[in-house]
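Beneath this line is the structure, given in C-alpha cells, with notes to follow.
Each reported figure results from applying straightforward, stated rules to the coordinates on display, with no laboratory input. As the structure is a prediction and not an experimental result, all values here were calculated from the model. Cβ sites come from the backbone with ideal geometry, for glycine too, and all protein chains shown count toward neighbours.
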Amino acid sequence: MVELSYPGVYVVEVPPVARAITAASTSTAAFIGMAERGPINEAILVTSLTEFFDRFGGFTNKDLLGVKEYRDGEVYLPYAVWAFFQNGGSKCYIIRLAPGAQAAKVIVSKGGKPGAEKPTKGATPTAEATVTATEPPFGEAEGEFAGDGLFKVWANSQGVWGNGLELQVSKGSNQIIVKKDGQDVKEDTFRLDVTLHGAVVETFDGLSMRKDHQSFVKNNINDLSKYLRITMVADEGALPAPASYTLGGGSAPTDVTNKEVANQLTDGTSALDKVTDVSLIAAPGYVDETGEIANMGFRYVEGHRNQLGDAFFIADVPKKVSTRDSGLAFVKSLTPGVNGYGAVYFPWVKARDQIAKGTNPVILLPPSGFMAGLYARIDNTRGVWKSPAGTEASVAGVLGLATNLTDKDQGVINLAGLNAIRSFPGKGTLVWGARTPSPDIAWRYLSVRRMANFLKSSIYDGIQWAVFEPNDAPLWSALKMNIEGFMRDLFRQGAFEGATTDQAFFVKCDAETTTPTDQQKGIVNVLVGFAPLKPAEFIVIKLSQKVAQEK
C-alpha cells in the first residue's frame, strides 16, 4: 500500500478482476495393456516412443513375455504407442497390466556366491539364482547360498525379462576416504556392470558399502538405475568379491482378463483416478464381442475427475468383427446412454510386424492407437472443434485394412455411429467417420462431445480462484467476465457456430442463477451455453441445365 504523504497524483497497481482461463489440453492419451517390463498398475507419463521403449521395453508377444495363454497371442500396447506418436501424439500415460508376475532377483555376497535369505519358520528357500564365478578360487554354482549375503538385487519390475539381467562385480577404479577411529583412511570401492541379453546397459563405478558415503551402493542403484533396485541384507562391511551373478526367479504374468482391464476403467481402482490431464483413453485390443470393456470405458470417462466427465474413450471393434453386418451388430449391442463419451472405429488396420521374420511381415492392429494420435494432430493444427475425419485425417503407418468398405457399407454403419476407416485411391488411408454411437442427437458428433469436454475442463481449472471468495455480486460479475473472455477468444478462432458472440455463446452468473438459498448453502451457479460446430457430413450439389432462351 502506497503511503499518502504529499499532495499529488499516486499510481497504484491493482490485481485484475478477470483472470485468464488457459485452454485445457485435449490431446494427452492413456493406454492400458501388457508390456515387457515397467511399473504395474501405475499411470506413467511418456513423451516419445524412445522413452516408452526405455521404460517398458519394445515390441513383444505372448511367447516373448512367457505367457502361456493370452487372447490371440499378440501384445498390442507397444504398437498402439508407436501408432500414437506416428500420427501426431506427443504425451501419453501407460498403465501396464501384469497379473501374477514376479520380479527376478539375486543376492550378492562377500564370497562371490549368491547368498540366501534366512528361511522363516515353516518356509523352504527356493532356488532362484545362477552364479558363474569369473576366476579362481570360485567355481560354478547354482541356487541360493546362505551365509555372507550383502545385498539383494531385484529387477525393477516384474516379468521374465529380468531373468536376462546379469551383474558383473569387479574392483572399482578409485578409492574413497572414510573415517576409522577418527582417522581418514583410504578404502577400496567396487564396480557393477549390468548386462541385458548380453549387452551392457549400465555401469556403476566407485560403489561403497558405507551407508554414510555418497557412493553407497543402495542409494546409487535405487536412484539411478533403469533396471535394478537394491535392498540391503547385511550392515556395512566387506566389499563383494569379483564374480558374475545372473538374476532369476522372474515369472510371467497370467492372461489379462476383462477384470484386470475393468479395474483400470472403474472409479476407485483405476490408476487414472489420480491423473488430471488425460483426455483420451484406450485399451487397445481388449474390446471383445460382449462389449463389456467398451461400455466400461464409456462409463468411466463420463465420470472421470470427480464427475467432471472431461475424457473420451476410443474403442476398437473386436478383432473377429470383419464385415459390415457384424460391425453393425456390435455397435448396436453397446449400452445406450453412456456411449456419447466415446467413439468406435472399424475395421482393424494392417501394419508392419516388428517381430516376425520373413519378407514384409504384416500384423493386424486395433485402430485406437492410430486414432488417438490423429485426434492429437487435428487438435493441435485445427482445434478440438474440428472433427478428426476427412482428407486431413490421413492415417500414418498403415499398409492396408482388414476390410475394405464401400460407400454402401459405410452408409449402413455410419448411421449407427460406427466410424469407418477407408482407403481411397490417390489419397491413402483416411478416417471417414466422425460420430459417437449415442442415440441422443445432441451428442451425435464426437467433435461436439469433445468440445463440451474441453470447455468443462478449461473453465473448471480456470475458476478455482473463486472458491471461498465472498458469494455476492462482485464475485458473480468477475466469474462472468472471466468466462466470457475465454469464450470470446475461442469465438475469434472459429470454435463456435454463429456470426456474432451473442449467437455463439452466453454466460450468465447473477442473482437469478444464484438464489439466496444457494448463497446460504455456499453455492454459486454459472450457466454457460455454446453453439457447437457440426461437421458437414453430406455435401449435396444440385445441378440443373440452363436452357437457352429464344430472343
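In the range 62-73, the count of residues that are in contact with a strand residue (DSSP E or B) (Cβ under 8 Å, 6 or more places away or on another chain), closer than 14 Å to ALA98 by Cα, surrounded by 23 or more Cβ atoms within 10 Å (Cβ to Cβ) and of a type in the set (Lys, Arg) is zero. If the condition is being out of contact with any Phe, Trp or Tyr (no Cβ under 6 Å at 6 or more places or on another chain) and among the polar types (S, T, N, Q), then the range 294-340 contributes ASN295, ASN306, GLN307, SER322, THR323, SER326, SER333, THR335. Taking the range 217-262 as the range and being farther than 30 Å from GLY206 by Cβ and assigned to a loop (DSSP other than H, G, I, E, B) as the test, the residues that pass are ALA252, PRO253, THR254, ASP255, VAL256, THR257. Highlighted here are the helices (runs of 4 or more DSSP H) found entirely within the range 263-365 that include at least 2 residues which are touching a helix residue (DSSP H, G or I) at 6+ places or on another chain (Cβ under 6 Å) and either aliphatic (A, V, I, L, M) or within 26 Å of SER458 (Cα to Cα) (or both): 292-302. Checked against the criterion of being assigned to a loop (DSSP other than H, G, I, E, B) and over 30 Å from PRO336 (Cβ atoms), the candidates ALA396, ALA389 yield just one match: ALA396.
When you look at GLU497, is it within 37 Å of the chain's Cα centre (by Cα), acidic (Asp, Glu) and under 24 Å from TYR341 (Cβ atoms), yes or no?
On the way: within 37 Å of the chain's Cα centre (by Cα): yes; acidic (Asp, Glu): yes; under 24 Å from TYR341 (Cβ atoms): yes.
It is true that GLU497 is within 37 Å of the chain's Cα centre (by Cα), acidic (Asp, Glu) and under 24 Å from TYR341 (Cβ atoms).
Selection over the range 88-113 of residues that are under 30 Å from VAL398 (Cβ atoms) and either among the acidic types (Asp, Glu) or surrounded by fewer than 24 Cβ atoms within 10 Å (Cβ to Cβ) (or both) gives a count of 5.
In the range 435-446, which residues are buried (at least 23 other Cβ atoms within 10 Å of the Cβ) and closer than 22 Å to SER25 by Cα? If the condition is that a residue be buried (at least 23 other Cβ atoms within 10 Å of the Cβ) and closer than 22 Å to SER25 by Cα, then ARG435, THR436, TYR445, LEU446 are the ones that fit. Residues that are surrounded by 18 or more Cβ atoms within 10 Å (Cβ to Cβ) and either small (Gly, Ala, Ser) or in contact with a Leu (Cβ under 6 Å, 6 or more places away or on another chain) (or both) within the range 252-277 comprise ALA252, VAL256, GLU260, ALA262, SER270, ALA271, listed in sequence order.
The set of residues in the range 350-379 that are more than 25 Å from TYR300 (Cβ to Cβ) and not charged (D, E, K, R) comprises ALA351, GLN354, ILE355, ALA356, GLY358, THR359, ASN360, PRO361, VAL362, ILE363, LEU364.
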